[in-house]
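Contents: one structure, followed by commentary.
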Amino acid sequence: MPEAEPDPYSIRLYFRIGLVLLIPVAVILFLFCRAAVDTGALDSAKPCSVSTQDPASRCLSQFQGVVTGQTPEYRSPTRLTISVGSSTVNLGWTCLNMSTSSCLRTSFPPGTKVVTEWWSGRVVRLGMADGQPAVITDANPEYDAVSRGPYPLIALLALGPIAMAGLLRQAPMSVNKLLDTSFDASPEVRKAVPRAVILRVAMGGWGGYGVLIWLVLYLASLFAFAGSSQWSLGAPFLWLSAAVIGFAFTWSTAYLYLSRLVRTSNREAVTVTRIKYGVGRNHSGMQVWYELRNGTLASRYVGPQGLSYAQGDRMDALTDPRSGKVRRLLSSTPAQA
């Protein structure tokens, strides 16, 4: 289980990367939040007492119009040119909140009489002249909010490195140093290592997995709820929930793993009885066998991270006090028998 080392260079690097990325992320999140706020304002808007197209108006007005032209557009089925009184409006209509069959049946060919619904100086909905405006346009803030629903994901690009820098900075020491200092002392001293110290070291050592789980969970929710009309408004909550779940799972798992190593393991030299080379990714690792306390053999994969053994070498390891199974290898080079 690889862990990060809380060295000053890594902390500064993560922090600087996060700060640089915060600038575009702040702009993106501002646009998303503004679209979400405008969506709420539009949903609660009341009809105007006098119909108006004033950009400062926050009430709803309806005007009759005629479609004078249409062109295909990549973000919507078609882009329309609509004549509304003495003014001309260009807009795209979308299938947001419509079923697939309804979307396929909807069409606004030139000459179609339509009713347009205005809010804040723009057409936010339209429909046939003899009906209610229910088709959402690309000027509707709900369309902006939905189209920007994935944007909080980009915040991970900035907050991920900053969170990693914070986790490394708060760690009082590395995992290896905690294990070395703990096992240089007596078993009684190891059992007395404060739980808060173990948790902080675990957070610094394996906090990066929390960032990764955060990203994966948010991506999963992105695809699972992207079809919902309320997805964009719930995106910040899902984003925050993914962060809480990711870090809570990582920290609790890392704490239990490290606490078990410190408090209940034995440190001993385990003799390598057999080796198989060329295993794992790129065939660069090795599988080593050693003897358990009951006389049976157990094996452990050793990756290409600087450890190298030969048959008969002794592995400096943390083991299960009952079975003798290796929990963690400590030595970077083997101790010869």
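What's the whole-number percent of alpha carbon pairs in region 51-143 lying beyond 21 angstrom? The proportion of pairs with Cα distances above 21 Å equals 23 percent.
Here the Karplus curve 6.51 cos²θ - 1.76 cosθ + 1.60, taken at θ = phi - 60°, turns the phi angles of region 175-183 into couplings of 4, 4, 5, 4, 5, 5, 5, 5, 8 Hz, with x standing for Gly and Pro. Distant-in-sequence amide contacts of ALA139, defined by a placed amide H-H separation under 5 Å and a gap of 5 or more residues or a different chain, comprise GLY92. Scaled against 2.2 N^0.38 Å for its residue count N, the alpha carbon radius of gyration of region 1-125 is 1.63.
Sorted largest first, the principal axis extents computed over the alpha-carbon atoms of region 266-329 equal 35, 19, 18 Å. Close amide H contacts of LYS325 (hydrogens built in the peptide plane, cut-off under 5 Å, sequence separation of 5 or more or a different chain): ASP320. As a rough footprinting exposure proxy, the listed residues TRP289, TRP93 were ranked by other beta carbons within 10 Å of their own, and the order from fewest upward is TRP289, TRP93.
Under 26 Å Cα to Cα from LYS113, which lysines show up? Leave out anything in the same chain fewer than 8 places away. Within the straight-line cut-off, LYS113 pairs with LYS46.
Taking other C-beta atoms within 10 Å as the exposure proxy, ASP320, ASP313 rank ASP320, ASP313 from fewest upward. Peptide packing for 259-266, 290-297, 64-71, 113-120 was compared via the average number of neighbouring C-beta atoms within 10 Å per residue; ordered from the highest value, the list is 113-120, 259-266, 64-71, 290-297. Taking 0.36 nm per residue of sequence separation and removing the Cα-Cα distance, the GLN311/SER51 pair yields an extension gain of 84.7 nm.
Legend: ranking of residues TYR9, TYR309 from fewest to most surrounding C-beta atoms inside 10 Å; resulting order TYR9, TYR309. Computed from the C-beta positions of ALA224 and ARG274, the FRET efficiency with R₀ = 51 Å rounds to 0.60. Cross-link reach is defined here as a Cα-Cα straight distance under 30 Å, omitting same-chain residues fewer than 8 places apart; for LYS191 the lysines meeting it are LYS177, LYS325.
In this rough spin-label picture, where each label sits 7 Å from Cα along the Cβ direction, the CYS33-ARG58 distance is 1.8 nm.
Every number in this text was worked out from the coordinates using simple rules, so none of it is lab data. Note that the structure is predicted; figures quoted are calculated from it, not measured. Cβ: placed from backbone, ideal geometry, glycine included. Neighbour counts: every protein chain shown.
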